[in-house]
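Peer 1: After the structure tokens below, expect a handful of questions from me.
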Amino acid sequence: EAARPSAVNLDTGTTATGRCEINLDINGVILGGGEIYETAIDITTLSNATDEFDIRVGLCDNTTGDCTDGIYFWYDRNTSVNWIRSTATGGVRTQTASTTAVAAGWLWLQFVVANDESSVEFFVNNVSIGTNTTNLPTTTTTGLMFQIIKSAGTASRDFDLDYVTFYQHNTTGR
């Protein structure tokens with residue numbers, strides 16, 4: 001896409017169990033509070049009963065499915081047509097459907113970890129979709145992750161990733 005020359009395409013291929021993911025050092029991040037994660041993605045075609053898939057975007061320690069430890073946005077049409085804000089530690093997850101529908105096209109995702117690691121707030125296109133306060137991976141390792149996994153159908157499904165940034169910004173001294 002001309003306006004997004006750095007975009008990367010994650011494509012499932014044409015098998016019913018196709019998948020594609022980018023994982024960056026899945027054991028390289030330990031939260032310390034004040035972390036901010038941002039990315040822009042473009043879901044070209046939404047999941048449907050014929051060609052079913054899930055998308056996870058954020059921090060995760062698993063390359064084959066749901067996260068044991070992580071903070072991430074989850075799109076699973078079978079669970080909700082809205083974005084699901086997810087936190088996980090030790091395989092115990094808090095997954096809460098927001099009221100913000102997943103839509104095709106470019107969107108901006110962000111989450112912000114509180115300085116005291118007590119919560120994480122999720123945003124879609126600069127609008128808060130809620131806060132999780134349980135199962136934050138504060139003592140375990142995780143890493144940057146982008147994942148699309150098909151569970152039905154043979155049509156290729158994909159999403160584009162334009163950028164990701166992850167940094168720590170504390171608003172109080174340590």
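The values are calculated or read from the model by the stated rules, or taken from the named source; none is laboratory data. Keep in mind it's a predicted model, so treat the numbers as computed, not measured. Every residue, glycine among them, receives a Cβ derived from its backbone with ideal geometry; neighbour counts consider all protein chains shown. Heavy atoms of the whole protein, side chains included, go into the accessibility calculation; ligands, DNA and RNA do not. Shrake-Rupley method; radii C 1.70, N 1.55, O 1.52, S 1.80 Å.
Peer 1: For Pro137, what is the net charge nearby, where nearby means another residue's Cβ is under 12 Å from its Cβ and Lys, Arg count +1, Asp, Glu -1?
Peer 2: Spelling it out: positives minus negatives among the neighbours equals -3.
Peer 1: Gaussian network model of the chain, Cα springs within a sub-10 Å range: biggest mean-square fluctuation belongs to which of Asp69, Asp51, Asp116?
Peer 2: Asp116
Peer 1: Lys and Arg at +1, Asp and Glu at -1: add these up for the other residues within a Cβ distance under 13 Å of Thr45 and post the number.
Peer 2: -3
Peer 1: Same structure again: How many angstrom separate the Cα center of segment 96-174 from the Cα center of segment 16-75?
Peer 2: Each part's Cα centre sits 8 Å from the other's.
Peer 1: If you take the charge dipole of segment 1-99 about its Cα centre, with +1 on Lys and Arg Cβ and -1 on Asp and Glu Cβ, which of Thr64, Gly13, Thr50 is farthest toward its positive end?
Peer 2: Of Thr64, Gly13, Thr50, it is Thr50.
Peer 1: Taking N as the number of residues in segment 1-74, what value does Rg over Cα atoms divided by 2.2 N^0.38 Å take?
Peer 2: 1.26
Peer 1: For segment 73-149, what is the accessible area per residue in Å² when the probe is 1.4 Å?
Peer 2: Here the per-residue accessible area is 39 Å².
Peer 1: Based on the alpha-carbon gyration tensor of segment 6-47 and its eigenvalue square roots a ≥ b ≥ c, which shape applies: rounded if a/c is under 1.5, prolate if not and a/b is larger than b/c, or oblate?
Peer 2: Taking the square roots of the gyration eigenvalues as a ≥ b ≥ c, segment 6-47 is prolate.
Peer 1: Suppose every Lys and Arg Cβ carries +1 and every Asp and Glu Cβ carries -1, with no other charges. What dipole size does segment 1-131 come out with about its Cα centre, to the nearest 20 debye?
Peer 2: Dipole size: approximately 260 debye.
Peer 1: Under 4 °C and 1.567 mPa s, how fast does segment 94-174 diffuse according to Stokes-Einstein, given a Kirkwood radius computed over C-alpha pairs? Answer in µm²/s, whole number.
Peer 2: 84
Peer 1: Carbon and sulfur together cover what percent of the accessible area of segment 47-174 at a 1.4 Å probe radius?
Peer 2: Taking all protein chains in place, segment 47-174 shows 48 percent carbon and sulfur surface.
Peer 1: I'd like to compare 119-130, 3-14: which one has the highest average count of other Cβ atoms within 10 Å, and what's the full order after that?
Peer 2: Highest mean packing first, the order is 119-130, 3-14.
Peer 1: Using θ = phi - 60° and the Karplus curve 6.51 cos²θ - 1.76 cosθ + 1.60, what whole-Hz ³J(HN,Hα) does each residue of segment 46-62 get, with Gly and Pro shown as x?
Peer 2: These are the phi-based 3J(HN,Hα) values: 6, 5, 8, 4, 7, 10, 8, 8, 10, 10, 10, 9, x, 9, 7, 10, 10 Hz.
Peer 1: Right, something else. Would you mind checking the radius of gyration and Dmax of the chain based on alpha-carbon positions, in Å?
Peer 2: Here Rg and the maximum Cα pair distance are 15.4, 53 Å.
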